[in-house]
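Bear in mind these aren't lab numbers, they're just calculated from the coordinates by the rules spelled out. Treat the numbers as computed from the prediction; the structure is a model and nothing was measured. Heads up, the Cβs are rebuilt from the backbone with ideal geometry, glycines too, and the neighbour counts pull from every protein chain shown.
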Amino acid sequence: MAGPQLRVLESRDAVARTAAQWVHDRAWAAANARGRFTLALSGGTTPRALYQQMAAGPRLPWDRTVFCFGDERNVPPDDPESNARMAREALTGQPFVNQSSVHRIRGELPAAEAATDYEQTLRRLFPGATSFPGFDLVLLGLGPDGHTASLFPHSPALDERAAWVAANWVEKFGTHRITLTFPVLNAAAEVLFLVTGDDKAWALREVLRGSAPVAEIPARGVAPASGRVTFLVDRAAAAGLGQST
Ligand code: 6PG
């Protein structure tokens, strides 16, 4: 199985534009082939530009797109920290998006309850899933410490092998996050990482060139059985990869 693919692009904007085309093409392919496109949105700040591009760019099969989330902070949906809020402001709140196709993690609930609630939501959306739900596309980011979704270094959810969604205690933030687990990320047909900025250079090198255990660099645990993993990164984030990029 080929390792992750790497595309180094000039700028954050180029990453957002390329990712928007990527999502557009996958959306129509899935909708035409299977009647729907299941997408797990990433949080943080990097994907906002992508979501804005998706909203402004060539039309997606909005009526056949199912929006889910890879993770959420333990906050209400109108909180500035909320991933659902970020996505809503940039994309999912648009009039052409059917709100019944947007399935946010209820971060306002106690974390364990939010995780169970979201697993039930996913089980309704993927009734045929024998072991884990197979998203058509999972979008992920990368933290400066090597975390992805809300799978942080040395955090309990890294070892979760049964649950689809976990309430993960993140010591450095002194709070829980709610996150899809590795088995779900690795059941996806395709994973697309968006990584921009020089503050990600160390982590990106560790993920792509390093050999650290997943406990230290959780993003190294993303290895879907399909083998389809691509990193869309800008030159600043790729600075640690040397000439071979
Ligand atoms: C979150 C994300 C997280 C994010 C990275 C990168 O909720 O924060 O899902 O995994 O992708 O922390 O965040 P930035 O895009 O803000 O650098």
Leading residue by the ranking (farthest from Ala40 (Cα to Cα)) among those in the range 130-159 that are β-branched (Val, Ile, Thr) and not in a loop (DSSP other than H, G, I, E, B): Thr148
Would you check if there is a residue in the range 21-41 being within 16 Å of the ligand (Cβ to nearest atom), in contact with a Leu (Cβ under 9 Å, 6 or more places away or on another chain), of a type outside the set (A, V, I, L, M) and not in a strand (DSSP E or B)? no
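Yes/no per residue for (1) among the basic types (Lys, Arg); (2) touching a residue at least 60 places away in the same chain (Cβ under 8 Å):
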{"site": "Ala29", "(1), (2)": "no, no"}
{"site": "Asn32", "(1), (2)": "no, no"}
{"site": "Ser42", "(1), (2)": "no, yes"}
{"site": "Asp63", "(1), (2)": "no, no"}
{"site": "Ser100", "(1), (2)": "no, no"}
{"site": "Arg106", "(1), (2)": "yes, no"}
{"site": "Pro110", "(1), (2)": "no, no"}
If you go through the range 160-183 one residue at a time, how many are of a type outside the set (Asp, Glu), in contact (Cβ under 8 Å) with a residue 12 or more places away in the chain and in a helix (DSSP H, G or I)? 3
Take the residues in the range 15-35 that are aliphatic (A, V, I, L, M) and touching a strand residue (DSSP E or B) at 6+ places or on another chain (Cβ under 7 Å); name whichever of them is nearest to Ala236 (Cα to Cα). Val15
Consider the range 78-96. How many of its residues are more than 20 Å from Gln120 (Cβ to Cβ), within 15 Å of the ligand (Cβ to nearest atom) and of a type in the set (S, T, N, Q)? 1
For the range 184-212, name all the residues that are assigned to a helix (DSSP H, G or I), more than 13 Å from the ligand (Cβ to nearest atom) and under 14 Å from Val222 (Cα atoms). Val184, Glu206, Leu208
Of the residues in the range 41-82, how many are in contact with a helix residue (DSSP H, G or I) (Cβ under 9 Å, 6 or more places away or on another chain), closer than 26 Å to His176 by Cα and of a type in the set (Asp, Glu)? 4
So Val75 ticks every box in (1) within 15 Å of the ligand (Cβ to nearest atom); (2) more than 24 Å from Phe152 (Cα to Cα) but one. Which box is left unticked? (2)
Restricting the search to the range 135-175, which residues are at positive phi and within 14 Å of the ligand (Cβ to nearest atom)? Gly146, Ala149
Yes or no: the range 102-124 includes at least one residue that is more than 18 Å from the chain's Cα centre (by Cα), more than 13 Å from the ligand (Cβ to nearest atom), closer than 27 Å to Lys200 by Cα and assigned to a loop (DSSP other than H, G, I, E, B). no
Run down Phe193, Phe135, Phe152 and say which single residue is farther than 22 Å from Trp22 by Cα and either crowded, with 16+ Cβ neighbours inside 10 Å or among the hydrophobic types (A, V, I, L, M, F, W, C) (or both). Phe152
